[in-house]
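Participant: Here it is, the structure, as structure tokens.
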Amino acid sequence: MSLKLLKNAKIFHRGSFKKHLGILINGEIIEYLPRESEFKYLNPLVDEIDLQNYRVIPGFIDTHTHMVGHGLSLMESKVDHVNSKEDLLVFIAEDVKNRKEEIYIYSDFDESTWKKSELPTREELDKISSKPVFLRRICGHFGIGNSAFLEKCLSLKEIRKDKIDSQRGFFYEDIPLKLYTLFPPTTERLKQAILKAQYEFLKNGITSIHEFGSPAYFKAYEELESEGKLKIRVYFSFYERYLEDVIKSGLISDFGNNRLRIGGIKLFADGSVGAETAYFSFKYGEKGSRGILLFDEDKLTEIMHKAENSGLRLLVHAIGDAAIETVLKVYEKSRNPDLHRIEHFEFPTKSSIERAQRLQVQISLQPNFTGKWGGTGGMYEKKLGKRWELNNPIKTLLQSDVIFAFGSDAMPPDPLFGINSAINHPVEKERIDTETAISLYTEKAAFLSFENTVKGRIEENYLSDLVVIDENLKEVKMVFIGGECTYDGRGN
């Protein structure tokens with residue numbers, strides 16, 4: 001028996017912070033919430049941890065993230081620090097000179113933050129290296145490659161050539177999203193990536209994630225779980241291209257244990273605003289197009305029924321208003337629409353919000369997108385004009401009784417940044433209070449994996465997944481998962 005008492009803290013209990021309470025942890029479970037006057041009656045062998053008046057909240061549940069992808073990007077060269085095309089090309093040229101690789105991958109450039117948003121081209125990258133070079137935009141839906149990378153991609157059968165602009169070396173949706181499937185890392189490298197990212201996620205207070213990927217990713221998670229190295233709880237969904245493989249394997253939604261469970265099947269209805277591939281009912285951006293609908297209604301319906309008949313839920317990425325409408329029309333044909341999800345739901349119409357509520361569809365929303373790209377002069381305004389104000393209508397969704405919770409999409413994997421984005425929404429009428437924002441990253445988030453009776457709250461018999469944060473909710477001090485202290489930053 002491993003007994004711990006967390007004391008001298010403000011405990012987030014039933015929607016507000018309470019003083020004069022403790023948390024008695026017995027192994028993986030919260031056994032009791034004793035009052036200060038009861039501490040003296042507890043087992044004398046209990047390990048008392050004085051939290052110095054910090055705050056304690058349930059562990060953050062990130063309902064949409066990419067821990068493998070984030071870890072791999074940490075092992076690649078990140079270029080999110082560059083401020084122009086010229087800076088980017090200079091950085092890559094230096095890096096290629098100093099590293100010997102078979103393929104050079106650079107991640108997270110964001111031209112919307114540059115003074116001049118001119119992008120490099122295939123020919124400019126050709127001057128740097130004759131080996132494959134690929135730059136992936138921060139959204140993951142767009143990239144730029146040199147001639148060697150283009151040639152390598154065109155030799156692959158499973159790619160969509162209509163999503164490639166060969167002249168400029170621009171790649172939309174298909175290649176950027178499938179990058180690590182087309183050029184797969186070894187299981188060992190995947191495990192290294194997970195462990196590297198896991199530390200950063202823990203440091204940010206994340207105790208559970210909803211992850212997406214391939215069978216190779218899942219295998220890496222399985223191995224780490226069996227080795228006792230997987231600390232964060234993982235709800236894993238497979239990309240749609242693996243649907244047949246998942247069906248043959250017999251895996252179904254919610255199979256697994258409290259450390260690693262199956263979510264369902266993830267697919268993309270559209271792309272991103274930054275790449276101008278999100279699918280809207282109107283033309284927008286420099287290209288003046290409506291974006292891209294990756295699956296039409298009939299095809300989405302076919303996939304949904306196949307998944308449902310095999311015991312699998314769908315989690316569909318939809319950002320633009322027209323993509324959201326398409327997905328909701330499909331879910332109306334479901335026997336159990338409340339089992340399915342929409343990822344992002346960034347620009348819903350009033351009718352979409354009403355329909356989502358009626359169907360009880362679950363939604364994973366990313367408030368940090370608003371924090372990064374919303375507001376006057378932000379990327380959303382540059383692409384969409386005045387319509388940017390429709391982005392992430394958080395308060396409206398709450399008032400409409402829509403089922404939703406927060407996730408980060410690993411941009412960045414920091415719930416506190418997301419919470420700050422929600423309470424300071426650039427559209428004032430969509431702002432929410434701190435306690436509600438915390439709930440959307442904890443209690444409400446647990447509902448999206450049907451685990452709301454075992455985690456997401458500080459209650460007796462719930463998992464002891466807890467985050468200790470400073471008084472101002474700015475810095476994570478400690479993290480507990482199943483009663484184990486997985487991060488301690490109090491000395492920092």
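Readers should treat all values here as calculations from the given coordinates under stated rules, not as data from a laboratory. Quick caveat: nothing in here was measured; it's all calculated off a predicted structure. Cβ: placed from backbone, ideal geometry, glycine included. Neighbour counts: every protein chain shown.
Participant: Between Ser155 and Arg358, what is the label-to-label distance in nm when each label sits 7 Å out along the Cα-to-Cβ direction?
Facilitator: My value for the distance between the label points is 5.3 nm.
Participant: Given labels modelled 7 Å from the Cα in the Cβ direction, how far is it in nm from Asn26 to Lys287?
Facilitator: With each label point 7 Å from Cα toward Cβ, the separation is 5.8 nm.
Participant: Using helices alone, what [θ] at 222 nm do you get for the chain, with -39,500 (n - 2.57) per DSSP H run of 4 or more residues, divided over all residues and rounded to the nearest 500?
Facilitator: Computed ellipticity for the chain at 222 nm equals -9000 deg cm²/dmol.
Participant: Rounded to the nearest 20 debye, what is the charge dipole size of the chain about its Cα centre when +1 sits on each Lys and Arg Cβ and -1 on each Asp and Glu Cβ?
Facilitator: Computed charge dipole of the chain: roughly 320 debye.
Participant: How would you rank 258-271, 224-237, 311-324, highest first, on the average number of other Cβ atoms within 10 Å across their residues?
Facilitator: The densest-packed peptide leads the list: 311-324, 258-271, 224-237.
Participant: Next question. So what are the radius of gyration and Dmax for the Cα set of the range 325-393, in Å?
Facilitator: 13.5, 44
Participant: On full extension of the chain, what length is gained from Leu74 through Thr186, given 0.36 nm per residue of separation minus the C-alpha to C-alpha distance?
Facilitator: Result for the pair: 38.7 nm of gain on full extension.
Participant: What does the chain give for Rg and for Dmax, in Å, if only its C-alpha atoms count?
Facilitator: That works out to 22.7, 75 Å for Rg and Dmax.
Participant: Next up: Please order Phe406, Phe450 by the number of other Cβ within 10 Å, starting at the fewest.
Facilitator: Fewest-to-most Cβ neighbours within 10 Å comes out as Phe450, Phe406.
Participant: Right, here's the next one. Would you kindly calculate the translational diffusion coefficient of the range 82-132, applying Stokes-Einstein with the Kirkwood radius from alpha carbon pairs, for 37 °C and a viscosity of 0.692 mPa s, and quote it in µm² s⁻¹ without decimals?
Facilitator: Diffusion coefficient, whole number: 282 µm²/s.
Participant: Consider all pairwise Cα distances in the range 187-447 and report the whole-number % of them above 22 Å.
Facilitator: Value for the range 187-447 (Cα pairs over 22 Å): 56 percent.
Participant: Ala278: net charge of surrounding residues, Cβ under 11 Å, Lys/Arg +1, Asp/Glu -1, itself excluded?
Facilitator: Cβ neighbours under 11 Å give a net charge of -3.
Participant: Grab the other residues whose beta carbon is less than 11 angstrom from that of Asp174, score K and R as +1, D and E as -1, and report the net.
Facilitator: Within the 11 Å Cβ shell, the charges total +2.
Participant: Something else now. Across bins of 10 angstrom width beginning at 0, how are the C-alpha pair distances of the range 233-278 distributed, in whole percent?
Facilitator: P(r) over the range 233-278, rounded to whole percents: 26, 39, 23, 12.
Participant: Now for a different question. With no solvent and one point per C-alpha, what does the Debye sum give as log10 I(q)/I(0) for the range 173-270 at q = 0.13 Å⁻¹?
Facilitator: For the range 173-270, the Cα-only Debye profile gives -0.46.
Participant: On to the next question. Can you give the extra length, in nm with one decimal, that the chain gains between Asn336 and Ala216 once fully stretched, where that is 0.36 nm per residue apart less the Cα-Cα distance?
Facilitator: So the extension gain works out to 40.2 nm.
Participant: Please list the three semi-axes, largest first and in whole Å, of the ellipsoid equivalent to the range 17-87, using sqrt of 5 times the eigenvalues of its alpha carbon gyration tensor.
Facilitator: Semi-axes from the Cα gyration tensor: 44, 15, 12 Å.
Participant: Right, another one. When Lys283, Lys196 are ordered from fewest to most other Cβ atoms inside 10 Å of their Cβ, what list results?
Facilitator: On the way: Lys283 10, Lys196 16.
Fewest to most other Cβ atoms nearby, the residues stand as Lys283, Lys196.
Participant: Counting DSSP beta bridges in the range 187-447, what percent are antiparallel, to the nearest 5?
Facilitator: 5 percent
Participant: List the lysines whose alpha-carbon lies under 21 Å from that of Lys382, not counting same-chain residues fewer than 8 positions away?
Facilitator: Lys85, Lys115, Lys116, Lys283, Lys287, Lys372
Participant: Given the Cα-Cα distance of Thr121 and Arg490 and 0.36 nm per residue of separation, how much length would full extension add, in nm?
Facilitator: 128.2 nm
Participant: Continuing with this model, one more query. Dipole of the range 18-157 (Lys/Arg Cβ +1, Asp/Glu Cβ -1, origin at the Cα centre): which of Thr121, Leu45, Ile92 lies farthest to the positive side?
Facilitator: Of the options given, the answer is Thr121.
Participant: Can you compute the radius of gyration and Dmax for the range 67-182, using only the Cα atoms, both in Å?
Facilitator: Reported Rg and Dmax, both Å: 13.1, 39.
Participant: Then there's this: Please give the FRET efficiency for Ser130 paired with Lys299, using the beta carbon to beta carbon distance and R0 = 35 Å, rounded to the nearest 0.05.
Facilitator: FRET efficiency, Ser130 to Lys299: 0.35.
Participant: Between Ser16 and Thr396, what is the FRET efficiency for a Förster distance of 30 Å, r being their Cβ-Cβ separation, to the nearest 0.05?
Facilitator: Approximately 0.80, to the nearest 0.05.
Participant: Going by how many other beta carbons lie within 10 Å of each one, how would you line up Met478, Met67, fewest first?
Facilitator: On the way: Met478 20, Met67 28.
Neighbour counts put them in this order, fewest first: Met478, Met67.
Participant: Taking the radius of gyration and the Kirkwood hydrodynamic radius from Cα positions alone, what is the Rg/Rh ratio for the range 237-369, to two decimal places?
Facilitator: 0.98
Participant: If the cut-off is 22 Å between C-alpha atoms, which lysines fall inside it for Lys231, apart from same-chain ones fewer than 8 positions away?
Facilitator: Lys4, Lys191, Lys196, Lys203, Lys219, Lys444, Lys455, Lys477
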